[in-house]
Amino acid sequence: MTELNPASTIQARALALVEEIERVIVGKREVVELVAVALLARGHVLVDDIPGVGKTTLAKSLARALGCDFKRIQFTPDLLPGDLTGVSIFNQKTHEFEFHRGPVFTSVLLADEINRATPKTQSSLLECMDELQVSVDGITHALTEPFFVIATQNPIEYRGTFPLPEAQLDRFLLRLRLGYTSPAEEVQILDRQQLSHPVEAVQPVLAGEEVVRLQTAVRKVFVAAAVKEYVVALVTATRQHPAVALGASPRGSLALLRSAQALAALQGRSFVVPDDVKRLAEAVLSHRVLLRGESDDGSGSQVIDDALRSVPVPVMAK
């Protein structure tokens, strides 16, 4: 595998991906960049927003721009774990069990309305997302790389839904919200979709093998000891907050560090600065805190804001 020039090459290739997705997703540069950050950091994304703001379109645009295999699963209460991972079926001719792969054997997986499936079915994704493998009937099957899950859920509709358990939420590197566009941007959307959907015109700008090389190069982005200590201090502050029953785990520290490396690379730097950590803290940590006596309704954002205000920012040497 050929090594990349870390700073300039990663930035150029990642920005090409961002700009191609922006041909479809209007006025959401920040969100599109964060999706690219999650991809570079080998993470997964949960898009938690109301219907009709472009969650599914974002996933489709990403898959087309990557030029990778793409599968979409509509999560429903009757969806079974085997419907995701695959099942072993007995072959009458060979008298042996044959494994039939499920839709998780892809590069980009859209888990649409993930909170409509039962916790048992949701949990079947844990091994896939964390270890890039599937275990069925005692046999382990490796997934292909890259493997990227982008899941969606509707935060205002609770009938027929099952809240994501903490273990499942913890497997998502980032939780994002698209939100409404401005009136001028909404007019652009009407213009672009008057004759056809712009997602059909998205061209692949990154191949799967190149994505894996970029992900490997991102891990080499330098992180100073002071920045690592800042990351740990922020995560520790979430555990000590009076409104929190369960703070972010060490997996949260690792997620914040790796996403900061990816953001630094996206900005053309070969080193992480504290501002990278501050920019990503809410998206990485807010869904990893459990508040006392409350369900996960996004209120963790206030906890992260409090942590950012209370933890001193390290001064980096020039």
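Express the relative contact order of the chain as a whole percentage, based on alpha carbon pairs under 8 Å and six or more residues apart in sequence. Walk me through the intermediate numbers first.
Numbers: 563 pairs, mean separation 75.2, N = 318.
Value for the chain: 24 percent.
What dipole magnitude, in Debye to the nearest 20, does the stretch 221-312 give about its Cα centre under +1 on Lys/Arg Cβ and -1 on Asp/Glu Cβ? If you can, show how the numbers build up before the last one.
On the way: 10 positive and 9 negative charges, 63 e Å.
The dipole of the stretch 221-312 has a size of about 300 debye.
Which residue, Ser61, Ser135, Ser124, tops the fluctuation ranking in a GNM of the chain built on C-alpha contacts under 10 Å?
Its mean-square fluctuation being the largest, the pick is Ser135.
As an exercise, identify the trypsin sites (Lys or Arg not before Pro) in the stretch 37-146 lying in DSSP coil whose Cβ has no more than 10 other Cβ atoms within 10 Å.
Numbers: sites: Arg42, Lys55, Lys60, Arg64, Lys71, Arg72, Lys93, Arg101, Arg116, Lys120; in loops: Arg42, Lys93.
When the trypsin sites (Lys or Arg not before Pro) of the stretch 37-146 are filtered for loop state and at most 10 Cβ neighbours within 10 Å, Lys93 remain.
Nearest 0.05, what FRET efficiency do Arg177 and Val87 give at R0 = 30 Å with Cβ-Cβ as r? Each step should come with its number before you reach the end.
On the way: r = 35 Å, r/R0 = 1.18.
The formula returns an efficiency of 0.25 here.
Can you work out D for the stretch 1-217 in µm² s⁻¹ from Stokes-Einstein, where Rh is the Kirkwood radius over C-alpha pairs, the temperature is 4 °C and the viscosity is 1.567 mPa s?
Working: Rh = 18.4 Å.
Approximately 70 µm²/s, per Stokes-Einstein.
Can you give me the long-range amide H partners of Val244? Hydrogens built in the peptide plane at 1.01 Å from N, cutoff under 5 Å, separation of 5 or more residues or another chain.
Arg292
Of all GluC sites (Glu not before Pro) in the stretch 95-146, which ones are in loop regions per DSSP and have a Cβ with at most 16 other Cβ atoms within 10 Å? Each step should come with its number before you reach the end.
Values: sites: Glu96, Glu98, Glu113, Glu127, Glu131; in loops: Glu113.
Nothing satisfies the criteria.
Extending each Cα 7 Å along its Cβ direction at Arg23 and Asp130, get the distance between those two points in nm, one decimal.
3.9
Which residue fluctuates most in the GNM of the chain (Cα springs below 10 Å): Asp306, Asp275, Asp137?
Most flexible of the set in this elastic network: Asp137.
For the stretch 224-250 and the stretch 161-183, what is the separation of their Cα centres, given in Å?
With the stretch 224-250 and the stretch 161-183 each reduced to a Cα centre, they are spaced 20 Å.
As a test of the formula, what do you get for the chain when each DSSP H run with n ≥ 4 contributes -39,500 (n - 2.57) and the sum is divided by the residue count, at 222 nm and rounded to the nearest 500 deg cm²/dmol? Kindly include the intermediate steps, with their values, before the conclusion.
Working: 13 runs with 137 residues, N = 318.
Rounded to the nearest 500, the figure is -13000 deg cm²/dmol.
Using the Cα centre as the reference, give the magnitude of the dipole from point charges on the C-beta atoms of the chain (Lys, Arg: +1; Asp, Glu: -1; all else neutral), rounded to the nearest 20 debye. Each step should come with its number before you reach the end.
On the way: 33 positive and 38 negative charges, 133 e Å.
It works out to roughly 640 debye.
Considering amide H positions built from the backbone, and no H for Pro or chain starts, which residues 5 or more places from Arg101, or on another chain, come under 5 Å of its amide H?
Under 5 Å from the amide H of Arg101: no residue qualifies.
Return the equivalent ellipsoid semi-axes of the stretch 221-312 as a descending list in whole Å, where each equals the square root of 5 times an eigenvalue of the C-alpha gyration tensor. Please list the in-between numbers first.
Values: eigenvalues 117, 30, 20 Å².
After diagonalising the Cα gyration tensor, the semi-axes are 24, 12, 10 Å.
Every read-out reported here was derived from the displayed coordinates using simple, explicitly stated rules and does not represent laboratory data. All values reported here derive from a predicted model rather than from experimental measurement. Glycine also receives a Cβ, built like all others from the backbone with ideal geometry; neighbour counts cover every protein chain displayed.
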